[in-house]
1. Quick check on the stretch 81-96. Is at least one of its residues hydrophobic (A, V, I, L, M, F, W, C), in the same structural domain as Val147 (by TED's automatic domain parsing), assigned to a loop (DSSP other than H, G, I, E, B) and surrounded by 22 or more Cβ atoms within 10 Å (Cβ to Cβ)?
2. Using the structure shown, decide if Ser342 is loosely packed, with under 13 Cβ neighbours inside 10 Å and either farther than 30 Å from Thr59 by Cβ or modelled with pLDDT under 95 (or both).
3. Of all residues in the stretch 238-276, count the ones that are part of a loop (DSSP other than H, G, I, E, B), of a type in the set (A, V, I, L, M, F, W, C) and either buried (at least 19 other Cβ atoms within 10 Å of the Cβ) or touching a His at 6+ places or on another chain (Cβ under 7 Å) (or both).
4. Give the stretch 277-300 a look and list any residue that's farther than 17 Å from Trp359 by Cβ, in a strand (DSSP E or B) and at pLDDT below 95, or say none.
5. Being within 23 Å of Asn339 (Cβ to Cβ) and among the aromatic types (Phe, Trp, Tyr) is the filter here, so list the residues in the stretch 377-415 that pass it.
6. If Val216 satisfies all but one of (1) under 19 Å from Arg245 (Cβ atoms); (2) of a type outside the set (D, E, K, R); (3) free of Cβ contacts under 8 Å to residues at least 40 places away in the same chain, what's the number of the condition it fails?
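The values are calculated or read from the model by the stated rules, or taken from the named source; none is laboratory data. Just so we're clear, the structure is a prediction, and the values are computed from it rather than from any experiment. A quick note on method: Cβ atoms are made from the backbone with ideal geometry, for glycine too, and the neighbour counts reach across all protein chains shown.
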Amino acid sequence: MLAGSPSSHMGSSISMYRGICSTSRIGNSESPNSGASSSFTQPIADMNENDKTDLLSITWNQNYRLFAVGTSHGFRVYTCKPCKEALRRDIESSGFKIVEMLFCSNVLALVGSVANSHYPPNKVLIWDDCHRRCIGEFTYMSEIRGVKLRRDRVVVVLEHKIYVYNFIDLKLLHQIETLANPRGLCCLSHHSNTFVLACPGLHKGQVRVEHFGLNVTKSINAHYSQIACLTLTLDGLLLATASIRGTLIRIFNTMDGSRLQEVRRGADIAEINSIAFSPNVQWLAASSDKGTVHVFSLRVRVSGEDSLTQPNVAQGPALFHQNSSTSLDPLISPNTGANPSSALSFMRGFLPKYFSSEWSFAQFRLPKSTHLIVAFGSENDIIIVSMDGSFYRCSFDIVHGGEMVRQEYVRFLKFENMP
């Protein structure tokens, strides 16, 4: 049943089952609302709707059209427009703390919760939901902090190390040492012609950027405090970061490490839960534990194309050749506004930095503080998913900014102690 004997390295083992199959889209598999298939090895019991279900994690897919949630009884996938359950797998006593999707396909990476007696938190399952079977496994000596997927790569994040594998044969390609990374921070580019990875470096406040196509590593000293959140544009040419203080968000050119812009979420310390670039790279959204989502206008971007000649995947990994332009162009458009700043900003250099900061262009305030993750549905369309089981869609005025308007609200997962 195994395609080959498991290989081991640095206390980990890998198993590949029957090869990686072709993928289909979420929703094409039969009976999407039924319980889990017997391909899961533990006994399956029908879940009662009255059974208590806890929400353990929320993740977007790579194009923000779907989001996946890990629960104390399995996992679910929802569409964003409209917010609707597309896939549900309920498994008795098997919670998943990580559910990572591969775009809109049937392939997911699953990592069990500490309470999961059948799928431990030190094992990654590459799950093909169309055929209801595991097509690969990664097992480590320590707990897995994060998993990221591209069409050609699987990235597994441990507390002090990141492993990069070829998707087609699960062969190990790269190992990266990091500072302690309990949050599992790591982000990837998702354009097919670039492969950029950003993660914490070896020093506090440092971000390591790998341009694998160029065989270039860049270290960016982004903050004085530890990194709390980071994200890349789809092409990997821009990086946005926040520290554990949560007051400032900085945008960098990943090619030369230069800081392009700095925006301010607020003056008080907060935990930034997520950062997202808009598809046209004109806006940046951020959510925090203050229960507020901020949108900032971006003034700069990296222009130019990265060209990547990819080998035939059947031939296995090979060195890529990549050419990039690092020129900077202004991103100020006549139909978009600018971030507000203090009335005393003209005295920058004489007053504390606070007075010259760029503040958010638009805001959306939720009734109470909770863990939020954000994404852009369109140019002025913000999607917010909350760990309390709530889904929001809101819009902002691209000329005047200000308070966003709520367009949609759905309680996608209800809890016993909530209305």
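1. yes
2. No; evaluated as a whole, the condition is false for this residue.
3. 2
4. Matches in the stretch 277-300: Val300 only.
5. Listed by number, the residues that qualify are Tyr392, Phe396.
6. (1)
Yes/no per residue for (1) without any contact (Cβ under 8 Å) to a residue 24 or more places away in the chain; (2) in contact with a strand residue (DSSP E or B) (Cβ under 9 Å, 6 or more places away or on another chain); (3) not polar (S, T, N, Q):
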residue: Tyr119; (1), (2), (3): no, yes, yes
residue: Trp127; (1), (2), (3): yes, yes, yes
residue: Tyr140; (1), (2), (3): no, yes, yes
residue: Arg145; (1), (2), (3): no, yes, yes
residue: Asn181; (1), (2), (3): no, yes, no
residue: Ala222; (1), (2), (3): no, yes, yes
